[in-house]
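Written below as structure tokens is the structure these notes are about.
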Amino acid sequence: MTSWDVHHPPRADGRTVLVTGGNAGIGYFVAEQLAGAGATVLLGCRDAARAEAAMTAIRSVHPSASLRFLPLDLADRPSLPSSVDRLTAPLDAVVLNAGVMIEGPDPDERTFAINHLGHFALTALLAPYLSPTSRVVTTGSFVAKSASFPAHEHEGKRAYARSKLAQMLFGFELARRGGVVSVVNHPGGALDTLTPSRPPVHTRPGGPHPQRLLLQGKDAGAWPAVRCVLDPEVHSGQLWGPRMFGLRGVPRLEPVRGILADEELAKSVWERSIELTGLDPWAAMRSARRPSPHGLK
């Protein structure tokens, strides 16, 4: 495996990448870094004003960045076909990054619906725009490794962990079924307090930040996903995360083990996801035909 420079990744000129949740948090920095490498980046998010703010921030760092806004609401699955219909160009990669942590009563169903089922359905709908060499990069979380099914505790953080476990199992099962290059990553411990300012998207709070000894900012949290998109030596079925204890540092290849390697559980999550969405990404990819490249409508 060749060395990887997180500050100077390979050029991505001529490539088109969709980043869900690309207007904020880790997704913003994934979009910024890919745009800096020359990719055309589609920011998939709900709010046009927030997407515009993110594009302004990215262009303050990379003035020639090629950026587009794709209206996308993962919580509203019936709206996803119309969002995908705005595409007319093939995608070289899609980064399934968007995620929410919902607190309050009974967060499981809503968190699972947005973080996992929304991405599961979106991947199926994107099938006509994906080729066998396109990369579907699923961003999970290290907290997923300690999650479990079925749910016995209904608290926001645990619901989030279960939704991320489902996402990661989806990514590995997609790799086994084929049709695209499916890679899974996680950002480690990425905090707002350690994240550089990107007005008007994010302003870093002042004061000392002792967490940096163990954790990192969301700019560094984006590094594994960016490597999964751009490194020619990344392969389907792999897991990438930060080098130092899985919490911070440059991205490295991690072993897939424990609950993440449970193929029977992954198959059951896949089949249940088909039941809940009425869509099957693998079947869609087998029958899809790619359109002519003309960008966004």
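The values are calculated or read from the model by the stated rules, or taken from the named source; none is laboratory data. Computed from a predicted structure; not experimentally measured. Cβ coordinates were reconstructed from backbone atoms using ideal geometry, including for glycine residues, and neighbour counts include every protein chain displayed. Surface accessibility is based on the protein's heavy atoms, side chains included, excluding ligands, DNA and RNA. Shrake-Rupley method; radii C 1.70, N 1.55, O 1.52, S 1.80 Å.
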How do His202, His235, His8, His62 stack up against each other in accessible area, from largest to smallest, with a 1.4 angstrom probe? His8, His235, His62, His202
Loop-only check: which GluC sites (Glu not before Pro) in region 165-270 are DSSP coil with at most 12 other Cβ within 10 angstrom? Glu233
Can you give me the C-alpha center-to-center distance between region 226-258 and region 64-143, rounded to a whole angstrom? 21
Could you tally up the Lys pairs in the chain with alpha carbons closer than 25 Å? Skip any pair fewer than 8 positions apart unless they're on separate chains. 8
Once you wrap a convex hull around the alpha carbon atoms of region 1-137, what is its projected area averaged over all directions, in nm²? 9.4
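Projected area of the chain, taken from the Cα convex hull and averaged over every viewing direction, in nm²?
Spelled out: convex hull of the Cα atoms, projected over all directions, averaged, 14.7 nm².
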Restricting to Cα pairs below 8 Å that are 6+ residues apart, what does the relative contact order work out to for the chain? Please round to a whole percent. 20
Checking region 56-92 for trypsin sites (Lys or Arg not before Pro) in a loop per DSSP with at most 15 other beta-carbon atoms within 10 Å yields Arg86
If you take every DSSP beta bridge fully contained in the chain, what fraction is antiparallel? Give it as a percent rounded to 5. 20
Carbon and sulfur %, accessible surface of the chain computed with the full protein complex present, 1.4 Å: 54
